[in-house]
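S.K.: Before I ask anything, let me first share the structure, which is written out below as structure tokens.
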Amino acid sequence: EDLQLFREVMGVMQHHDAVTGTEKQHVADDYAKLLYEVMVKGEKITSSAMSELLKSPGERKEPTEPFREFRSCLLLNISSCEPTENSKSFGVTLYNARSHRVSTYVRIPVKGKAYIVKDQLGNELSTQLLPIPLPVRHIAGRHSNATRELVFHAVDIPPLGHQSYYIDEKGANSTDELTKAD
Amino acid sequence: ETATSIGGDLYDISVDDSGKVTIEWKTKNMKVSQGFNYYKGEKRFRPSGAYVFRPLESVMHNLEFTGSHEVYRGPLVEELHIIINKFVSQTVRVYKGEKRIEFDWVVGPIPIEDHIAREVVTRYSSNLASDGVFYTDSNGREMIKRVRYFRPTWNVDLAEPIAGNYYPITTKISLQDTKKKLRMSVLTDRAQGGTSMRDGELEVMLHRRLLVDDSLGVGEPLNEVAFGQGLIARGVHYLIDSDLQDLENTVLHEKSLAQSLALKPWLLVTPVHHSTFEQW
């Protein structure tokens, strides 16, 4: 039923106004609302699909409860991601929708001052923390505590496949003013 | 503290006092300067609007630079954070080991207190001789040759040189210097409009805020508002150089970059409170 809703909304989005942006403002706002609602509903589908994909071959049981939740970050375009800002430790799974192997730099909005990133084999990755540019932090409507972006390099994500990383905040009692050293 | 430029071992990227970015390649004779400008939108007859791009006059205006910039360098990425003024800023990035320069631009809210409609563009001006020819991929696949002030099927006399030379871009606009055998391309993360009004220069429109309906159907001006103020647009351009001697690899590299810009991996987060790596 969630997927059907998604199909219906994407059907509406084929309208030439939705594609080109020549609709009235309140129609554009409604399109955005429709898309947002079905993306949130779609999260249930992606969560159960990722649970299936993450089951190691031969393993029959699903990942145990806390690890079965896969949440999207729909506000990365304003450097905001509630789950990564408000968790001291979290897993990040990257799903590569392309039919080619992909390496990419990942940017995650965070609040802390130092993080450890491990790949699924436990190797610690080189990371870098950068301040989120001021004009982005002050965008009207951006309700985010994130002041920095955590950057690391995801190498060789398989085609139509995924890769997971474990991220843990170091020195959890970090203060929050942005120092030059950052 | 003392760094004034970024670029790793491929580029030397710095900012001048007017907020313009200058890029020099360390490995080839190529130089590009990037800056923002705007057109005033036509308001009287046949105004600029959702269906039409018609600047008030065929000149572009400079944006006053009242901002600042900061340099951040580290093991994975080097960044230039540049604030041009109250409604235009950008971050210029170079990632380690990647042959591209990323422009993360933020435009808006575009001011209209002076009742002037504005259409903000970014320009990449290089030292390449492109002889009035440039290419756009208006369908996301093939590159279509465009020649300034020219139409392939009739002798055109452009009464509006700016609007008449603007073309749709889906993922890429480029120009090339056949003597130097170099190509400059700008990859976009969404469909935009663009042109090359001067040799060696690529121009892409980023954001518009107009004040009069263009009477072509929508019945209201293209004046998007969010949270009570003008909409803020944020996007990414990749600036890449390509060697025309090695066309095979050039095409593959550009195609892969265009796809990676349009189809980034999907990021899914699993909060794992109080769980160790082993448990996870």
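S.K.: Just name the residue that is farthest from B:H81 (Cα to Cα) out of those in the range A:115-128 that are at pLDDT 95 or above and more than 8 Å from chain B (Cβ to nearest Cβ).
M.R.: Only one residue tops the list, namely A:N123.
S.K.: Run down B:G8, B:G35, B:G49 and say which single residue is in contact with a Lys or Arg (Cβ under 7 Å, 6 or more places away or on another chain) and within 15 Å of B:V120 (Cα to Cα). It would help to see each step written out before you state the result.
M.R.: Values: B:G8 fails: within 15 Å of B:V120 (Cα to Cα); B:G49 fails: in contact with a Lys or Arg (Cβ under 7 Å, 6 or more places away or on another chain).
Within the list B:G8, B:G35, B:G49, the selection yields B:G35.
S.K.: Is it true that some residue in the range A:147-155 is surrounded by fewer than 19 Cβ atoms within 10 Å (Cβ to Cβ) and either touching a residue at least 24 places away in the same chain (Cβ under 8 Å) or within 9 Å of chain B (Cβ to nearest Cβ) (or both)? Let's see the steps before the verdict.
M.R.: Of the range A:147-155, the ones surrounded by fewer than 19 Cβ atoms within 10 Å (Cβ to Cβ) are A:155.
Among the residues that remain, those that are also either touching a residue at least 24 places away in the same chain (Cβ under 8 Å) or within 9 Å of chain B (Cβ to nearest Cβ) (or both) are: A:155.
Yes, the range A:147-155 contains a residue that is surrounded by fewer than 19 Cβ atoms within 10 Å (Cβ to Cβ) and either touching a residue at least 24 places away in the same chain (Cβ under 8 Å) or within 9 Å of chain B (Cβ to nearest Cβ) (or both).
S.K.: Test of understanding: among A:R98, A:R142, A:R137, which residue is facing chain B (nearest Cβ under 9 Å) and surrounded by fewer than 19 Cβ atoms within 10 Å (Cβ to Cβ)? Before you say what the answer is, go through the steps one by one.
M.R.: Working: A:R142 fails: facing chain B (nearest Cβ under 9 Å); A:R137 fails: facing chain B (nearest Cβ under 9 Å).
None of the others qualify; the one that does is A:R98.
S.K.: What's the number of the only condition in (1) in a strand (DSSP E or B); (2) under 24 Å from B:E42 (Cβ atoms) that B:R183 fails to meet?
M.R.: (2)
S.K.: Hey, can you tell me all the residues within the range A:97-131 that are outside any loop (DSSP other than H, G, I, E, B) and without any contact (Cβ under 8 Å) to a residue 12 or more places away in the chain? Show your work before the answer.
M.R.: Initially, the range A:97-131 is screened for residues outside any loop (DSSP other than H, G, I, E, B), giving A:102-110, A:115-119, A:124, A:127-131.
The one that is outside any loop (DSSP other than H, G, I, E, B) and without any contact (Cβ under 8 Å) to a residue 12 or more places away in the chain: A:E124.
Yes/no per residue for (1) more than 19 Å from the chain's Cα centre (by Cα); (2) surrounded by 13 or more Cβ atoms within 10 Å (Cβ to Cβ); (3) of a type in the set (G, A, S):
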site: B:D9; (1), (2), (3): yes, no, no
site: B:I13; (1), (2), (3): no, yes, no
site: B:T27; (1), (2), (3): yes, no, no
site: B:M30; (1), (2), (3): no, yes, no
site: B:R44; (1), (2), (3): yes, no, no
site: B:A50; (1), (2), (3): yes, yes, yes
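S.K.: Within the range B:201-242, which residues are basic (K, R) and out of contact with any Gly (no Cβ under 6 Å at 6 or more places or on another chain)? So that I can check it myself, show each step before the final result.
M.R.: In the first step, residues of the range B:201-242 are kept if they are basic (K, R); the result is B:208-209, B:234.
Listed by number, the residues that qualify are B:R208, B:R234.
The values are calculated or read from the model by the stated rules, or taken from the named source; none is laboratory data. Everything numeric here is computed off the predicted structure, so don't read it as measured data. Glycine also receives a Cβ, built like all others from the backbone with ideal geometry; neighbour counts cover every protein chain displayed.
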